Amino acid sequence: MKANDTLTMKAYDIQAMQQKWKQYWVEHDIYHVPNDSDKPKYYVLDMFPYPSGAGLHVGHPLGYIASDIFARYKQLKGFNVLHPMGFDAFGLPAEQYAIETGQHPETTTNNNIATFKKQLDNLGFNYDWKRQVSTCDPKYYKWTQWIFLQLFKSWYNIANNKAEPLETLIEKFEANGSTGVQAGGVDELPTFSAEEWQQKSAQEQADILMSCRLAFQSYATVNWCPALGTVLANDEVKDGFSERGGHPVERKKMRQWALRVTAFAERLLNDLDDLAWSDAMKEMQRNWIGRSEGASIFFQIADSEETFEIFTTRPDTIFGVSFMVLAPEHDLVKKITTTEQKEEIDAYLAYAGAKTDRERQQEKKVTGAFTGAYAIHPFTQEKVPIWISEYVLIGYGTGAIMAVPSDDERDEAFATKFNLPIIDIIDKSKYPGATQKDKLGIMINSDFVDGMEVPDAIKAVNQRLEEMGIGKGKVNFKIRDALYSRQRYWGEPFPIVYDENGTPQAISESELPLTLPPVESFKPSGTGEAPLARVTDWVNTAEGKRETDTMPGFAGSSWYFLRYMDPDNEDNFVDPKVEQYWQNVDLYIGGTEHAVGHLIYSRMWHKFLYDRGWVSTNEPFKRLVNQGMIQGRSSFAYRIKNTNQFVSYNLRKDYEVSRLHVPVSMVKNDVLDTEAFKQFRADYADATFILEDGKYVCGAEIEKMSKSKYNVVNPDDIVAKYGTDCLRLFEMFLGPLEHGKPWNTDGIEGVSRFLKKCWNLFSIDESDKAQVSDAAPSAKELKAIHKTIKKVSEDIERLSFNTCVSAFMECVNELNSLKSKNKTVLRDLTLLMAPFAPFITEEFWQSLGESGSVHLASFPTYNPEYIKESTKTYPVQINGKVRAKIELPVDLKREDAEAIILAHQKVVKWVEGKNIRKFIFVPGKIINIVV
RNA sequence: GCCCAGAUGGCGGAAUUGGUAGACGCGCUGGUCUCAAACACCAGUGGGAGCGAUCCCGUGCCGGUUCGACCCCGGCUCUGGGUACCA
């Protein structure tokens, strides 16, 4: 710009600019979010992070940047936007670190939170930090404990289809006994009259009530490691041995707290329909909930009084039953195994006992053992052998199945392997290609259902079972009640004491929070009890012994989004008025790894709180978007064996080499900075290199980001070099938010150049004024900017941020080639870019003479008049291949187009002498001629 | 094993509803500026054939539907996420 040569232009000093605006934002408190506002509310939420010791890497902020852009956009659109951040601060890694180092998890967690906050603050987010929550903060977990107590004091009344206080259940028992009472998620309530209820001992009453509570105790199978003296997560078990130390792990039944998620199963399933979640996410939840219709059937054991219940989705196939299979952990196994078979069964139990459920399902080998016992077929009275096998899981259904090898693949494989009979019972010849799941065919060899279609046979069998009193139609859910006990230290203590009878009692709500006491050792007690069991003066109280287990990670994360609304409230987990204003989350962004766990538990808690009248919405998260995982891109050098000489990537085949990870910070465009590499480690100081084209080229591979692979990129380093705006734009430019993608810092140069081009476009002088034209914008300028407004508005709404960045680049390129310095146009561009690049746009906004923060202004709208096209260049295909491009008026009629096109010289060449079979004209799109 | 995704140039990706495959950017090549380099700017860049106009091939693999398929259907392969105590 010749005209500007006389003026001194302000330099693009990124760090000074960031400092300046950060300070401005704090001083003017522009990110304060009021709980009372005339504006409509909008709630944007990120899945809050677990503050790990490693700090943030560039993968973490991807979703946070996206939500920040959306939150800022909504703000510009006139909403009062809640966009908070907090920490999921209880968890295993801190506890493990404490065991190894003796450092209190609270100390390390608080340090890690401080690091995370500092790193997050480097990324220009609009969080109102006054709303921060941390799940390990007693002020927070007071309410986690409170909600647990409410779950403990509630049951699910199927008659009203909602959770109710336990008092309503006791009233029913006192009035009519158990008659007519249906408690959700409870298989069978014992039958008793009102009088019988009164006659029951306190202990008996407590047991019955416990079996109906939404937070209840029962026995569950866990991975017990005797050597470590603790229960392990499936993650911590590999091939029957603990991952740490390699000690044997066994399956053990332990008394555990659980949440009755199953009571809500039907609603969790049905209410998915109204949520704006991806189909994939809903499908995963549907499959997890796993509703299936079938029948429960009781089988009598031969020469015994014992019966056992099975669940089948195909009661119609009952005449095809040729054996029964129990899960290895089934209670009956020990009782019914004959002396002859005991050795074989014990060996199998040892084999299966060492495997987790996941490992068992993965097992391709067919395995099992015969108990020696037989069941009686309810219709034929024949004896059916009872086997055990790992393919039947104790946690699903009743842990027992009737096997129909002719109609089930796994049963068939089992029958084949162990030479058990296969009885054909369905003629599928009428339905070629139908699978077992389709439930189609005509019954054969099946006594009273012979000749029936499958659906009719199902009804007929169910009816007969019911008449005989040995079974009935039943809906089964795969979803299990959530295990809620952890034998760990670093979690919420249960607000529960055991009275002299050993009955759990809620402590008074006025005693909350029940805080974690200090402990001398974080190591497991060795007896299967949690570390808290050793703190005897905490455990023993006047009311009884405290529960020493703690709550799981998902406790605090199941309701945190409610606390952000009113984080300092000491009388309520959220003030009802405040809750009614914010309602629920409008947009929730987080990883698919939480598809079923966290997102099911949160939904269940929310429905519970809704039923009890504490929240006003039925679902917590209206719209859900899953950001993809950012993977690392590792770089490799190739060391020639037994030397300190490294050979460049493309020459490595000529040598015997070993591949070593090199830090990605020393590599640019796959070329290694050999000097930096020599300084990296003492043993590389005298390394030598065999180069290609004068360079050392590295190999590369996409892997998980991890310290040991030297491929972790810290956002702090990027911010220091390129600035926050550049990092934000680049993370968005990488690709679609939902896709997983590898991180490669090399591409950031393009975004950095783009920002410099933007800076130059404004020509800001030393008095912070942009050298721009006040004239009315030209038609071309208007078209360029309004096209961008349209594109960016639409793309932000569908969270397609990568294409927004492309649109900015195209717009700036266009304005540069138009030599445009128009103020109106640049003002709109500044507003469009403000959610993406919060710092530089403040600078632009100020330079245009605007007052206040750009983030409190209004988003522009596009004018369709400015972007109207009068002609369209049509691709003309002949037999589906593009042969010509012809410009035509956009409003051209089909007949006129046909005449023009067929007469066009480029088309004539292809159609001459040929018969035109079809002329396809898609207005505004394409023309295809079939000859 | 089961459930859910994904695969497009050397690389990240675009193509929103079945309608011009490769927008935008990185990298690379050539050029301008410079003593030189860096920066910046200009031009080119899916593969192949041809001086050229132009033609052939091309969206993980095999097959199908359609005037027309990256997009829909059937069957695979590979990669990622989840699989209930990692968060």
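The values are calculated or read from the model by the stated rules, or taken from the named source; none is laboratory data. Here the structure is a predicted model, which is why all the values come from computation and not from measurement. Don't worry about glycine lacking a Cβ; one is built from the backbone with ideal geometry, like all the others, and counts go over all protein chains shown. With ligands, DNA and RNA removed, areas are computed over all heavy atoms of the protein, side chains included. Shrake-Rupley method; radii C 1.70, N 1.55, O 1.52, S 1.80 Å.
Structure notes:
- Residue-level check: of (1) in contact with a Pro (Cβ under 6 Å, 6 or more places away or on another chain); (2) on the phi > 0 side of the Ramachandran plot, A:D828 misses just (2).
- Residue in region A:454-473 that is within 16 Å of RNA strand B (Cβ to nearest atom) and either in the same structural domain as A:E250 (by TED's automatic domain parsing) or assigned to a strand (DSSP E or B) (or both) present: no
- If you go through region A:379-390 and keep only what is in contact with a helix residue (DSSP H, G or I) (Cβ under 9 Å, 6 or more places away or on another chain) and either over 17 Å from A:L332 (Cβ atoms) or not assigned by TED's automatic domain parsing to the domain that holds A:D450 (or both), you end up with A:F379, A:T380.
- Only listed residue being open to solvent by 40 Å² or more (accessible area, probe 1.4 Å), part of a loop (DSSP other than H, G, I, E, B) and closer than 21 Å to A:C136 by Cα, chosen from A:E500, A:E520: A:E520
- Contact map, region A:196-215: residues that are assigned by TED's automatic domain parsing to the domain that holds A:E171 paired with residues that are open to solvent by 20 Å² or more (accessible area, probe 1.4 Å) and aliphatic (A, V, I, L, M), Cβ distance under 6 Å, separation 6+ or inter-chain. Pairs shown: A:C212/A:V186.
- Residues in region A:806-827 that are more than 16 Å from RNA strand B (Cβ to nearest atom) and under 40 Å from the mean Cα position of the chain (by Cα): A:L826, A:R827.
- Residues that are in a loop (DSSP other than H, G, I, E, B) and more than 16 Å from RNA strand B (Cβ to nearest atom) were ranked within region A:686-728; the one that is farthest from A:N744 (Cα to Cα) is A:D686.
- Only one of the numbered conditions (1) within 12 Å of RNA strand B (Cβ to nearest atom); (2) at pLDDT 90 or above is not met by A:A220, and that is (2).
One line per residue, one yes/no per condition, for (1) away from RNA strand B (no atom under 16 Å from the Cβ); (2) over 30 Å from A:V26 (Cβ atoms); (3) among the hydrophobic types (A, V, I, L, M, F, W, C); (4) touching a Pro at 6+ places or on another chain (Cβ under 9 Å):
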{"site": "A:A834", "(1), (2), (3), (4)": "yes, no, yes, no"}
{"site": "A:P838", "(1), (2), (3), (4)": "yes, no, no, no"}
{"site": "A:A857", "(1), (2), (3), (4)": "yes, no, yes, no"}
{"site": "A:Q877", "(1), (2), (3), (4)": "no, yes, no, no"}
{"site": "A:A903", "(1), (2), (3), (4)": "yes, yes, yes, no"}
{"site": "A:V911", "(1), (2), (3), (4)": "no, yes, yes, no"}
{"site": "A:P923", "(1), (2), (3), (4)": "no, yes, no, no"}
{"site": "A:V931", "(1), (2), (3), (4)": "no, yes, yes, no"}
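- One residue stands out among those in region A:250-285 that are more than 19 Å from the chain's Cα centre (by Cα) and among the polar types (S, T, N, Q): the one that is farthest from RNA strand B (Cβ to nearest atom), which is A:N270.
- Subset tally (residues that are of a type in the set (D, E, K, R) and surrounded by 13 or more Cβ atoms within 10 Å (Cβ to Cβ)) for region A:231-243: 3
- Counting only residues that are under 23 Å from A:A220 (Cβ atoms), open to solvent by 30 Å² or more (accessible area, probe 1.4 Å), in a helix (DSSP H, G or I) and among the hydrophobic types (A, V, I, L, M, F, W, C), region A:336-359 holds 2 of them.
- Matching helices (runs of 4 or more DSSP H) fully within region A:1-115 where at least 1 residues are more than 26 Å from A:G491 (Cβ to Cβ): A:14-28, A:61-76
- When region A:454-471 is limited to residues that are of a type outside the set (A, V, I, L, M, F, W, C) and more than 12 Å from A:E293 (Cβ to Cβ), the one that is least open to solvent (accessible area, probe 1.4 Å) turns out to be A:G471.
- Qualifying residues in region A:119-140 (those that are in contact with a Gly (Cβ under 9 Å, 6 or more places away or on another chain) and assigned to a helix (DSSP H, G or I)) - the one surrounded by the most Cβ atoms within 10 Å (Cβ to Cβ): A:Y140
- Candidates A:A837, A:A776, filtered to the one that is hydrophobic (A, V, I, L, M, F, W, C), over 18 Å from A:E869 (Cβ atoms) and open to solvent by 60 Å² or more (accessible area, probe 1.4 Å): A:A776
- Residue match in region A:606-626 (condition: assigned by TED's automatic domain parsing to the domain that holds A:D88, within 16 Å of RNA strand B (Cβ to nearest atom) and acidic (D, E)): no
- Qualifying residue in region A:150-171 (condition: of a type outside the set (S, T, N, Q), more than 30 Å from A:L268 (Cβ to Cβ), surrounded by fewer than 17 Cβ atoms within 10 Å (Cβ to Cβ) and in contact (Cβ under 8 Å) with a residue 24 or more places away in the chain): no
- Scan of region A:879-901 for residues that are in contact with a helix residue (DSSP H, G or I) (Cβ under 6 Å, 6 or more places away or on another chain) and away from RNA strand B (no atom under 12 Å from the Cβ), ordered by number: A:I901
- Conditions (1) within 15 Å of RNA strand B (Cβ to nearest atom); (2) open to solvent by 10 Å² or more (accessible area, probe 1.4 Å): number failed by A:A89: (2)
- Hits in region A:702-713 (condition: open to solvent by less than 50 Å² (accessible area, probe 1.4 Å) and of a type outside the set (G, A, S)): A:E703, A:M705, A:N711, A:V713
- Residue within region A:599-620 that is over 20 Å from A:Y43 (Cα atoms), surrounded by fewer than 22 Cβ atoms within 10 Å (Cβ to Cβ) and modelled with pLDDT under 95 present: no
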